[in-house]
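Data first, discussion second: the structure below is written as structure tokens.
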Amino acid sequence: MQRLIRVKDIVGCKKSGIRGYLPISKSSWWAGVAEGKYPSPIKLGARTTCWRESDILSLVTGNA
């Protein structure tokens, strides 16, 4: 089964102490998604967006 992760898991969240996969801001992440630079999200609901962890790991390791 594919693991789904949220944007705070990708870019991190200082408030929650979550270290992200990428050292970028949330706004930079969303800009990259809009440009097609980063993987497309999966909408689970009106206010819930996530990505496949495997897609993010491929992006980080350069195997995209």
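The values are calculated or read from the model by the stated rules, or taken from the named source; none is laboratory data. Computed from a predicted structure; not experimentally measured. Because the Cβ atoms are built from the backbone with ideal geometry, glycine has one as well, and the counts that use them run over all protein chains shown. Remember, those area values only see protein heavy atoms, side chains included, never the ligands or the DNA or RNA. Shrake-Rupley method; radii C 1.70, N 1.55, O 1.52, S 1.80 Å.
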Original post:
Which residues, counting only those in the range 16-32, are over 15 Å from SER58 (Cβ atoms) and either in contact (Cβ under 8 Å) with a residue 12 or more places away in the chain or in contact with a helix residue (DSSP H, G or I) (Cβ under 9 Å, 6 or more places away or on another chain) (or both)?
Top reply: SER16, ILE18, GLY20, PRO23, ILE24, SER25, LYS26, SER28, TRP29, TRP30
Original post:
List the pairs whose first member sits in the range 37-59 and is farther than 21 Å from ILE24 by Cα, whose second member is open to solvent by 40 Å² or more (accessible area, probe 1.4 Å), and whose Cβ atoms are under 9 Å apart, counting only residues at least 6 apart or on separate chains?
Top reply: LEU44/LEU4
Subject >> Criterion: part of a strand (DSSP E or B) and not polar (S, T, N, Q) - qualifying residue of LEU44, LEU59 >> reply: LEU44
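Each row is one residue, and each column tells you yes or no for (1) on the phi > 0 side of the Ramachandran plot; (2) open to solvent by 40 Å² or more (accessible area, probe 1.4 Å); (3) modelled with pLDDT of 95 or more; (4) not β-branched (Val, Ile, Thr).
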| position | (1), (2), (3), (4) |
| --- | --- |
| LEU4 | no, yes, yes, yes |
| ILE18 | no, yes, no, no |
| ALA34 | no, yes, yes, yes |
| PRO41 | no, yes, yes, yes |
| CYS50 | no, no, yes, yes |
| GLU53 | no, no, yes, yes |
| ILE56 | no, no, yes, no |
| VAL60 | no, yes, no, no |
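Just name the residue that is nearest to ILE5 (Cα to Cα) out of those in the range 15-41 that are aromatic (Phe, Trp, Tyr) and assigned to a loop (DSSP other than H, G, I, E, B).
Just the residues of the range 15-41 that are aromatic (Phe, Trp, Tyr), to begin with: 21, 29-30, 38.
With the extra rule that they be assigned to a loop (DSSP other than H, G, I, E, B), the set shrinks to 21, 38.
Values: TYR21: 11, TYR38: 14 Å.
Once the filter is applied, the top-ranked residue is TYR21.
Using the structure shown, decide if LYS8 is in contact (Cβ under 8 Å) with a residue 12 or more places away in the chain, open to solvent by 90 Å² or more (accessible area, probe 1.4 Å) and either over 9 Å from the mean Cα position of the chain (by Cα) or farther than 21 Å from ASN63 by Cβ (or both).
Working: in contact (Cβ under 8 Å) with a residue 12 or more places away in the chain: yes; open to solvent by 90 Å² or more (accessible area, probe 1.4 Å): yes; either over 9 Å from the mean Cα position of the chain (by Cα) or farther than 21 Å from ASN63 by Cβ (or both): yes.
So LYS8 passes the test.
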